[in-house]
Each structure stands twice: as C-alpha cells, then as structure tokens.
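One structure below.
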Amino acid sequence: MTQDEIIEMARQVGYPIQHPEWQKATEEFAALVAAKEREACAKVADKISDKYGWTYFGNEVDTADEIAAAIRARGEQA
C-alpha cells in the first residue's frame, strides 16, 4: 500500500486532511503505515523462503502463489 493510497483512504472516511495542521502529520502517518506493511509482507516472503531453503525443487510459480496466499491470510487474522 502506498502513502497516496493511505491518504486517500483517510479522505474517504472524512479525516480533515485539508486542514494545514493535519496535512504534514497525515503524510508522515501514511509513510509509517506503508513502511510497516512493506516490512510485514517481506517477512512473509522471508518465512516461506526459509521454509524451502535450498531443498525446494518445485515450481517457482507455486512458491509465489504460496507467498501471495500467506499475505492475504494476514488480513483474515486481524
């Protein structure tokens, strides 16, 4: 999720982004959320990479599908 997407979601729920005092704080908050989400996704990929290590000789597409499914499952755990 990008910083712009997070800011747009804040606009959609009526967060007062246009107020001068809130603009910079909103951008900083969005950057933090985006960075945390990227790191969480990277950790999912790392975990699956560690699972297979050098002993996996299957299809790369299957591994990518497993990573995507694991990332999506994170949203269901909340």
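Tabulated values for the structure
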item: Residue under evaluation Val61, criteria (1) hydrophobic (A, V, I, L, M, F, W, C); (2) surrounded by 11 or more Cβ atoms within 10 Å (Cβ to Cβ); (3) under 26 Å from Arg72 (Cβ atoms), criterion not met; result: (2)
item: Residue match in the range 38-47 (condition: basic (Lys, Arg), touching a helix residue (DSSP H, G or I) at 6+ places or on another chain (Cβ under 9 Å) and either surrounded by 11 or more Cβ atoms within 10 Å (Cβ to Cβ) or modelled with pLDDT of 85 or more (or both)); result: yes
item: Scan of the range 17-31 for residues that are aliphatic (A, V, I, L, M) and surrounded by 12 or more Cβ atoms within 10 Å (Cβ to Cβ), ordered by number; result: Ile17, Ala30, Ala31
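The values are calculated or read from the model by the stated rules, or taken from the named source; none is laboratory data. For clarity, every value in this text was computed on a predicted model and none was experimentally measured. Every residue, glycine as well, gets a Cβ built from its backbone with ideal geometry; the counts of neighbours run over all protein chains shown.
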